1. Residues in segment A:174-201 near a label at A:E32, defined as backbone nitrogen under 20 Å from the 7 Å Cα→Cβ point?
2. What number, rounded to the nearest 500 deg cm²/dmol, is the helix-based mean residue ellipticity at 222 nm of chain A, given -39500 (n - 2.57) per DSSP H run of at least four residues and division by all its residues?
3. Got a sec to turn the phi values of segment A:310-323 into Karplus ³J(HN,Hα) couplings, 6.51 cos²θ - 1.76 cosθ + 1.60 with θ = phi - 60°, whole Hz, x for Gly and Pro?
4. Okay, helix-only estimate at 222 nm for chain B: each DSSP H run of n ≥ 4 adds -39500 (n - 2.57), divide by all residues, round to 500 deg cm²/dmol; what do you get?
5. How far, in degrees from 0 to 90, does helix A:190-207 lean away from the longest principal axis of the Cα atoms of chain A, to the nearest 10?
6. Which parts of segment B:170-188 would a label at B:E20 reach, counting a residue when its backbone N lies under 19 Å from a point 7 Å out along Cα-to-Cβ?
7. Where in segment B:157-247 are there chymotrypsin sites (Phe, Trp or Tyr not before Pro) that are in a DSSP coil and have at most 13 other Cβ atoms within 10 angstrom of their Cβ?
8. Give me the distance in nm between label points sitting 7 Å out from Cα along the Cα-to-Cβ direction at B:V139 and A:E17, one decimal.
Amino acid sequence: MPLLDIAGLTVTFGTDEHAFVAVDDVDLALDEGAIVGVVGESGSGKSVTALALLGLVDFPGRVSAHRMTFAGRDLRAMTEQSRRALIGKDIAMIFQDPLASLDPCYTVAYQLMEALAAHGTPGERRSRHLRRSRALELLQQVEIPDAAARMRAFPHQLSGGMAQRVMIAMAIACEPRVLIADEPTTALDVTVQAQVLDLLLRLQEQRGMALILITHDLAVVAETAQRVVVMYAGQQVETGPLPEIFAAPKHPYTQALLAALPENNDERARLQAIPGVVPGLHDRPTGCLLSPRCRYALDRCHRDMPPLDGPPERKVRCHFPLDAEGRPTGGWNREKAAEVAASMPS
Amino acid sequence: MADGAVRDVAASPIPGPWSELWRAYAQSRGALIGLFLVLALILLAIFADVVSPHPPNEQYREFTLTPPMWQQGGTPRFVLGTDPVGRDMLSRLIHGTRLSLVIGVISVAISLSLGIVLGLAAGFFRGLTETVIMRVMDVMLALPSLLLAIAVVAILGPGLANAMYAIAIVLLPHYVRLMRAAVIAESGREYVTSSRIAGAGTLRLMFATILPNCAAPLIVQATLGFSSAILDAAALGFLGLGAQPPTPEWGSMLASALEFIQRAPWVVTFPGLAILITVLAFNLMGDGLRDALDPRLKR
């Protein structure tokens, strides 16, 4: 059984008449020690998914799911108290902007020790001295130079990379079994990004944590994850194991994301961007949500929402999934479609 | 940026929060003058019994309305002259400092603590709680502050303690509004979410996570509120609703000497000057603190 098992997770905002579905029927299964990448553009519902599974979506947001279990315990049926004891200890999370995620009023040492006091071992909860030495040890583990001096620092006295290391130290302080990293390197310099990512992966391996890596950086995912979930406008559009999913994407969106990578483009040519933006509250198309931006879209795509289909290992939400050569299948034929459209009485 | 990189490598000692605050505060000359005056007033208040040459309520009947020592007819025995019943002005002013500071401390403390709790509740829970609290505060703000204070004193009865409660009530809406705005701004920040993810409960979020981050505007408002508390107390004393004679309160000293303004201007001038200097000192200090604490004004 997977460590974290979620099926049919849906998050809606707004009233019943004007509901906005931020996360739509998302399934996620995470095995102990596994790395799952969640990719998609801004506004795809990646972060809301993470917050929802920690139970942190506030009114007026509503969360529902068919199944939501962690290590066999039902997250939906949990009391507020036991949920709070669980998150932060067994499930930890780090955020995109490390400097904003540290409380500006307290020192690094104080914040680390606070986490240990709340969720640490019984010994750590009792002894302040033990907490302090453990906090220092954690800072050394995340490779902060001159850790002893940094203990007394306030967040504004840290650089971005150092602040993210402190965040990681706080997250791993209580030996979590799942770490959710929400765009952990986006706000950092390119050189620091690689270091922080290396650190994260090394810690993941040492401790056997499961890692959910939320990012829009496909290169990062390609190097690290075992499975990938591609999200678009709150829906999963494709899931599958690496490297298959990137070698032979079945969904036009995955294909377009990969095509937009600079590595996959001719040096002189313009980057192949995906036209348009993720649909928001008021411009949700009928049919497939990608249809206005999809280069293969036919009438059927504009009319019917495709289901998430396929074997559990490799699901795709498309009427005409792509084949190994990147061509649409399932009877896709633009000329024929055009003929049909022309012959229809207008 | 180069500075930051060098510091990272060399790990020079990190400046503590107090030394950083002091450096920002000391940049303004006015703030330093304000701080100096406030410290002087506090010392005067503490050592009033030692410093003042006479007991504040001792009446020297043969010396009524003696002018200050540098005027004709003045005597070095009464440096700032005497009042209509022969009490030493300087001693009364010094003891008045003690009263004014106590009034400031108590009324600001009452309204600050109430204001923090109400503002936190309004900003954190939003919804009906917020509406009820803020509308009541709006009603209080709609009344002129002195009028409201007079109304409260009229209900509670005149006296120094009741004047302080009245002033606390008058000051309250400012703290509540300030606190609510700060809480709303802070609770959307990521560190609040990350604190929730670490498992913090509602009370802990409110008082340990959000409150300290709202402290800067509150400290500034409290310092400035101090001066308006002193001013309002003097006004209530002047109207006979605050401290009662023979208490050496500056406002009631003004009131009791009003009829002598033509014949003996010093009995009115010096209490007025004392009020002016105290209020100015606290305002200068408050401005300096705002410059030092407000991140928007930081370079």
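Just so you know, all these numbers are worked out from the coordinates, no wet-lab data involved. This structure is a prediction, so every number in the text was calculated from the model and none was measured. Reconstructed Cβ throughout: ideal geometry from the backbone, glycine too, with neighbour counts over all protein chains shown.
1. Once the point is set 7 Å along Cα→Cβ of A:E32, A:174-180 turn out to lie under 20 Å by backbone N, inside segment A:174-201.
2. Rounded to the nearest 500, the figure is -9500 deg cm²/dmol.
3. Each residue of segment A:310-323 in turn: x, x, x, 6, 8, 9, 8, 10, 7, 6, 10, x, 7, 8 Hz.
4. Result for chain B: -22500 deg cm²/dmol, rounded to the nearest 500.
5. Value to nearest ten degrees: 70.
6. Within reach of a label on B:E20, which here means backbone N under 19 Å from a point 7 Å along Cα→Cβ, segment B:170-188 contributes B:186.
7. Filter output for segment B:157-247: empty list.
8. Once both label points are built, they end up 3.3 nm from each other.
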